[in-house]
1. Can you confirm whether G150 is surrounded by 24 or more Cβ atoms within 10 Å (Cβ to Cβ) and at pLDDT below 90?
2. Inspect the range 42-50 for any residue being of a type in the set (S, T, N, Q), surrounded by fewer than 23 Cβ atoms within 10 Å (Cβ to Cβ) and under 21 Å from the mean Cα position of the chain (by Cα) and give the result as yes or no.
3. Looking at the range 17-33, which of its residues are modelled with pLDDT of 70 or more and either open to solvent by less than 50 Å² (accessible area, probe 1.4 Å) or of a type in the set (S, T, Y) (or both)?
4. Within the range 97-125, work out how many residues are of a type outside the set (G, A, S), over 15 Å from A240 (Cβ atoms) and open to solvent by less than 50 Å² (accessible area, probe 1.4 Å).
5. For the subset of the range 51-67 comprising residues that are touching a residue at least 24 places away in the same chain (Cβ under 8 Å), open to solvent by 10 Å² or more (accessible area, probe 1.4 Å) and assigned to a helix (DSSP H, G or I), which member is farthest from A243 (Cα to Cα)?
6. One residue is enough: does the range 3-16 have a residue meeting the conditions farther than 28 Å from G89 by Cα, modelled with pLDDT under 70 and open to solvent by 70 Å² or more (accessible area, probe 1.4 Å)?
7. Which one is least open to solvent (accessible area, probe 1.4 Å), of the residues in the range 171-210 that are more than 19 Å from the chain's Cα centre (by Cα) and charged (D, E, K, R)?
8. Tell me the helices (runs of 4 or more DSSP H) entirely within the range 132-243 that contain at least 2 residues that are farther than 20 Å from S71 by Cα and not polar (S, T, N, Q).
Amino acid sequence: MFRFRASARLLVVGGAISYRALFNWTTPPMFIGTLLAGPLLQVFFFVFLGRELGVADDRFHLVGNAVLAASASCVYGGTMAVANERRYGTLGAVLLSPRHRIPLWAGRALPYVLNGLFVSAFVLTAAATVLGLPVPAGALPGLGLVLLAGAGACSAFGLALGALGLRFRDVFLVSNVASSLLLLLTGAAVPRETLPEWMRVAGDLLPLTHAADAARRLTAGGGLDPRLLGAEALVGAGYAVLAVLLLALFERGSRRRATLDVM
C-alpha cells in the first residue's frame, strides 16, 4: 500500500512540479497565444482554404484541425519533459533517483494529456461556435473519450521523441518534423484518400489519425466507433511502450559511458 501511494504521489505531484518547471508556455500570454489562439486560427485558415479550393467540407477541416490542436502541447510538451531536464541541468538528478522509472516518466506526460484535451476541446468549441457547426449534445461524452485518447497517444508520441534528448542535442528539430508529419499524414488537414498508399499506412501508425476520424463521425451524428477509439488507444499504448524502452536504453547507455569516463 505504501509503495502504491508513493508511486501515485510521484505520478501526480512529481508530474505537476515538472510541468510548472519545464513547460515553456506556462505564462498566460504564452499559453493563450501559442496553444489556444494559434490552433484556432489554423482551423479558420484550413476551413476557408478548403472552401476556396473545394477540398472537403467545413466539418472535415474544423474537426480534424481541432483534434490536431492537441499536438502542440502534447508533442512539444512530451519532448520538453525530457529534453528540458537536460537543458536546465537537472537530468542528472532525475537519472540518479532510485524511484521506479514508469511512474517517474508517466507523471511527466500526464499534465500534457490534460493540457492537450483542454486545448482540443476549446478549439473545437470556439471554432464550431464561430462557424456555426452543430455538434449533437449526445456526441459530447464520446467526443470527450476520443479527444482524451488522442491527447494520450500524442503525449506518448512526444515522450518517445523526448527520449531522444538523452542521446541527441537538438531533439526539438525532430519534434518540428514530427508535427509537420502529423499535419500531413493524419488526415487532419489533408483528405487521406488523396495520399499515396504508403502515406496512408504511415498515417495509421501515427497518433490522432483515428481520433480525427472518430471525432468527425461523432459530430456528424454517426455515434462512437469502438474500432477507431480502440485503434487510437492501441497506437498510444505502442508509443508509451516505445518511450519506456528508449528511456531505459539511453539511460543505461549514459551510465555505461559515464563509468568508462571515470575509469
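The values are calculated or read from the model by the stated rules, or taken from the named source; none is laboratory data. Source: prediction; values computed, not measured. FYI the Cβ positions are ideal-geometry reconstructions off the backbone, even for glycines, and counts take in every protein chain you see. Side chains included, ligands, DNA and RNA excluded: accessible areas come from the protein's heavy atoms. Shrake-Rupley method; radii C 1.70, N 1.55, O 1.52, S 1.80 Å.
1. Working: surrounded by 24 or more Cβ atoms within 10 Å (Cβ to Cβ): yes; at pLDDT below 90: no.
Considered against the rule, which asks whether it is surrounded by 24 or more Cβ atoms within 10 Å (Cβ to Cβ) and at pLDDT below 90, G150 comes out as no.
2. Step one: filter the range 42-50 for residues of a type in the set (S, T, N, Q), giving 42.
Filter once more, so that each one left must be surrounded by fewer than 23 Cβ atoms within 10 Å (Cβ to Cβ): 42.
Add one more test, that the residue is under 21 Å from the mean Cα position of the chain (by Cα), and what stays is 42.
The answer is yes, given that some residue of the range 42-50 is of a type in the set (S, T, N, Q), surrounded by fewer than 23 Cβ atoms within 10 Å (Cβ to Cβ) and under 21 Å from the mean Cα position of the chain (by Cα).
3. If the condition is that a residue be modelled with pLDDT of 70 or more and either open to solvent by less than 50 Å² (accessible area, probe 1.4 Å) or of a type in the set (S, T, Y) (or both), then S18, Y19, T27, F31, G33 are the ones that fit.
4. 6
5. Here is the first cut: in the range 51-67, the residues touching a residue at least 24 places away in the same chain (Cβ under 8 Å) are 55-56, 58-67.
With open to solvent by 10 Å² or more (accessible area, probe 1.4 Å) added as a condition, the list becomes 55-56, 58-60.
When the remaining residues are screened for being assigned to a helix (DSSP H, G or I), the result is 58-60.
Numbers: D58: 36, R59: 33, F60: 31 Å.
In this case the residue turns out to be D58.
6. The initial filter retains those residues of the range 3-16 that are farther than 28 Å from G89 by Cα, namely 3-5.
Filter once more, so that each one left must be modelled with pLDDT under 70: 3-4.
Retained after the next criterion (residues that are open to solvent by 70 Å² or more (accessible area, probe 1.4 Å)): 3-4.
The answer is yes, given that some residue of the range 3-16 is farther than 28 Å from G89 by Cα, modelled with pLDDT under 70 and open to solvent by 70 Å² or more (accessible area, probe 1.4 Å).
7. So the residue we want is R192.
8. On the way: elements: 140-163, 171-185, 197-204, 209-219.
The qualifying helices (runs of 4 or more DSSP H) are 140-163, 197-204, 209-219.
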